[in-house]
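Trainee: First, the structure itself, so that you have it in front of you.
The values are calculated or read from the model by the stated rules, or taken from the named source; none is laboratory data. Here the structure is a predicted model, which is why all the values come from computation and not from measurement. Positions of Cβ are generated from backbone atoms using ideal geometry, with glycine treated the same way; all protein chains shown enter the neighbour counts.
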Amino acid sequence: MRILLLGPQGSGKGTQAQRISSTYGVPHIATGDMLRAAMAAGTEVGHRVKPIYDAGGLVPDDLMIDLIRDRLSHPDAEDGFVLDGFPRTLEQAEALDDVLLEIGSPLDVVFDLQIDEQTCIERLLGRAREEGRSDDTPEAIATRLQLFRDATLPVIEHYRAQGKVVGVHAAGTVNEVFNEIQEALEQVGAR
């Protein structure tokens, strides 16, 4: 089962990816987690991306593609994965398609987590209070939501043209959203 979760920041991608991962036994591949780990470890990559990340900007495509290519080559991803946070641009989507073609693992389904921006903002501000995330300032949130509109909406259309997109109502409770995802997975036969 090869799943991609797309949606604006605050739509619940990470939460739902974790549920999918634990329920279906596939790795949750979260680029945000990978980048935060690199920053915390003080790696060269971490130093390069920290100012971009803290401002809510997009990390350069070549770096993200290299990170994903490497991660998808790990043995635990052979039987499937759930991608969270990548791709965020059309160029990244096209590169991901190429990588998946190389390894013979095309996406089974792309979930479009649909939610209004005000709910996203409220969720992100709440997360900032709870977790102290440096990328959840009001300014960074506004930047990230604008980047989603400008850069990631075309990614959703890219996969819609391939017939892989399933819309999910992401404003519900965690369980309500997950139930909708499970129903869709049964329908597309990705289990």
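Matching residues to (1) modelled with pLDDT under 95; (2) closer than 29 Å to Gly25 by Cα; (3) over 16 Å from the mean Cα position of the chain (by Cα); (4) hydroxyl-bearing (Ser, Thr, Tyr):
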{"site": "Glu78", "(1), (2), (3), (4)": "yes, yes, yes, no"}
{"site": "Asp84", "(1), (2), (3), (4)": "yes, yes, no, no"}
{"site": "Ala93", "(1), (2), (3), (4)": "no, yes, no, no"}
{"site": "Val99", "(1), (2), (3), (4)": "yes, yes, yes, no"}
{"site": "Ile115", "(1), (2), (3), (4)": "no, yes, no, no"}
{"site": "Ala140", "(1), (2), (3), (4)": "yes, no, yes, no"}
{"site": "Arg144", "(1), (2), (3), (4)": "yes, no, no, no"}
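Trainee: In addition: Among the residues of the range 38-75, what is the count of those that are part of a helix (DSSP H, G or I), surrounded by 13 or more Cβ atoms within 10 Å (Cβ to Cβ) and of a type outside the set (A, V, I, L, M)?
Mentor: Count: 9.
Trainee: Inside the range 107-132, can you point out the residues that are in contact (Cβ under 8 Å) with a residue 12 or more places away in the chain, of a type outside the set (D, E, K, R) and outside any strand (DSSP E or B)?
Mentor: Correct list: Leu107, Ile115, Thr119, Cys120, Ile121, Leu124, Leu125.
Trainee: May I pose another question? Within the range 144-165, is there a residue that is in contact (Cβ under 8 Å) with a residue 24 or more places away in the chain, assigned to a loop (DSSP other than H, G, I, E, B), more than 16 Å from Gly85 (Cα to Cα) and in contact with a strand residue (DSSP E or B) (Cβ under 7 Å, 6 or more places away or on another chain)?
Mentor: Yes: the range 144-165 contains one or more residues that are in contact (Cβ under 8 Å) with a residue 24 or more places away in the chain, assigned to a loop (DSSP other than H, G, I, E, B), more than 16 Å from Gly85 (Cα to Cα) and in contact with a strand residue (DSSP E or B) (Cβ under 7 Å, 6 or more places away or on another chain).
Trainee: Within the range 19-30, which residues are surrounded by 17 or more Cβ atoms within 10 Å (Cβ to Cβ) and not hydroxyl-bearing (Ser, Thr, Tyr)?
Mentor: If the condition is that a residue be surrounded by 17 or more Cβ atoms within 10 Å (Cβ to Cβ) and not hydroxyl-bearing (Ser, Thr, Tyr), then Arg19, Ile20, Val26, Pro27, His28, Ile29, Ala30 are the ones that fit.
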